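Participant: Structure in structure tokens, see below.
The values are calculated or read from the model by the stated rules, or taken from the named source; none is laboratory data. Values in this document were obtained by computation on a predicted structure and should not be read as measured data. For the accessible areas, the whole protein counts, side chains as well, though only heavy atoms, and no ligand, DNA or RNA atoms are used. Shrake-Rupley method; radii C 1.70, N 1.55, O 1.52, S 1.80 Å.
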Amino acid sequence: MADVFMIVVALISIALLGVLIVAALKPDTFQVERSMTISAPPDRVFMLINDLKAMNGWNPFAEGHPPSSIVYSGPQSGAGAAYDWDIAGRAGKGRVEITGCSPATSVDMNLVMIRPMAAQNKIRFSLRPAGQSTIVTWAMTGP
């Protein structure tokens, strides 16, 4: 019976070691990217991203929450525009700030999450004309 127990312990130890080795070899950064086509020209789409109040009109994390839980600061749009939020539930607490933009082409942001998890990530919205539409790519990277 002791031999069977030792074999099981050895197998579990080897499996655990294997999981730890695989985890150690994985990169410690991530990148997520999604794209969609919007039936509007890039300059119109750009205005709905570069102005954070306008963005929160369609942002699914801000949708349906009281305006008092979002505090805007800095300029209305472009680099330096920011907002802090503190919302119960999955939206949590954090801050978004526009760090750079190129009209009708891209908007770069810094996202700092405090709750439900701590994180500091970079976000980029890239806009590419496609006839009468715009291909919008949202990318987020971080540790």
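Participant: Give the accessible area for Ser13 in Å² (nearest 10); use a 1.4 Å probe, count only protein heavy atoms, and leave out ligands, DNA and RNA.
Facilitator: Looks like 70 Å² after rounding.
Participant: Could you give me the ³J(HN,Hα) list for the range 92-98, computed from phi with Karplus coefficients 6.51, -1.76, 1.60 and θ = phi - 60°, whole Hz, x at Gly and Pro?
Facilitator: Per residue, the Karplus-derived 3J(HN,Hα) values read x, 9, x, 8, 10, 9, 6 Hz.
Participant: Shifting gears a bit: Hey, what's the chain come to in accessible area per residue, 1.4 Å probe, Å²?
Facilitator: Values: 9300 Å² over 143 residues.
That works out to 65 Å² for each residue.
Participant: In terms of modelled amide H atoms, which long-range or inter-chain residues lie less than 5 Å from the amide H of Ala104?
Facilitator: none
Participant: If you take the Cα atoms of the range 1-86, find Rg, then find the Kirkwood Rh from the mean of 1/r over all pairs, what is Rg/Rh? All intermediate terms of the calculation are to be shown ahead of the outcome.
Facilitator: Details: Rg = 24.9 Å, Rh = 18.1 Å.
Taking Rg over the Kirkwood Rh, I get 1.38.
Participant: With every protein chain kept in the model, how would you rank Tyr83, Tyr72 by accessible area, 1.4 Å probe, largest at the top? Working shown, then result.
Facilitator: On the way: Tyr83 15, Tyr72 85 Å².
From most exposed to least exposed: Tyr72, Tyr83.
Participant: Measure out, as a whole number of angstrom, how far apart the alpha-carbon centroids of the range 121-138 and the range 93-109 sit.
Facilitator: Between the Cα centres of the range 121-138 and the range 93-109 lies a distance of 13 Å.
Participant: Note down the accessible area of Phe5, probe 1.4 Å, to the nearest 10 Å².
Facilitator: 130 Å²
Participant: Probe radius 1.4 Å, ligands and nucleic acids left out: which of Met36, Met113, Met1 has the largest accessible area, and how do the rest follow?
Facilitator: On the way: Met36 120, Met113 35, Met1 190 Å².
Correct descending sequence by accessible area is Met1, Met36, Met113.
Participant: Here is a follow-up. Would you calculate, for the chain, the mean residue ellipticity at 222 nm contributed by helices, counting each DSSP H stretch of 4 or more residues as -39,500 (n - 2.57) and dividing by all residues, to the nearest 500?
Facilitator: Working: 3 runs with 37 residues, N = 143.
Result for the chain, helices only: -8000 deg cm²/dmol.
Participant: Rank Trp58, Trp85 by accessible area, highest first, at a 1.4 Å probe radius? Walk me through the numbers on the way to the answer.
Facilitator: Details: Trp58 105, Trp85 30 Å².
Greatest to least solvent exposure: Trp58, Trp85.
Participant: Any lysines with Cα under 25 Å of the Lys93 Cα? List them, leaving off those in the same chain fewer than 8 positions away.
Facilitator: Lys53, Lys122
Participant: For Met47, what accessible surface area do you get with a 1.4 Å probe? Give it in Å², rounded to 10.
Facilitator: 120 Å²
Participant: Under the √(5λ) rule applied to the eigenvalues of the Cα gyration tensor, what semi-axes describe the equivalent ellipsoid of the range 56-126? Give them in Å, descending. Write down the numbers at each step before the final one.
Facilitator: Numbers: eigenvalues 85, 37, 25 Å².
That gives 21, 14, 11 Å for the three semi-axes.
Participant: Spelling out what I want: for every residue of the range 70-75, take phi, set θ = phi - 60°, compute 6.51 cos²θ - 1.76 cosθ + 1.60 (Karplus), and round to whole Hz; glycine and proline get x.
Facilitator: Result, rounded to whole Hz: 10, 10, 8, 8, x, x.
Participant: Any idea what Rg and Dmax come out to for the range 1-46 if you just take the C-alpha atoms, in Å?
Facilitator: 24.4, 74
Participant: In sequence order, what are the phi-derived ³J(HN,Hα) couplings for the range 42-48 according to the Karplus relation 6.51 cos²θ - 1.76 cosθ + 1.60 with θ = phi - 60°, rounded to whole Hz, with x for glycine and proline?
Facilitator: Running phi through 6.51 cos²θ - 1.76 cosθ + 1.60 with θ = phi - 60° gives x, 5, 6, 5, 4, 4, 7 Hz.
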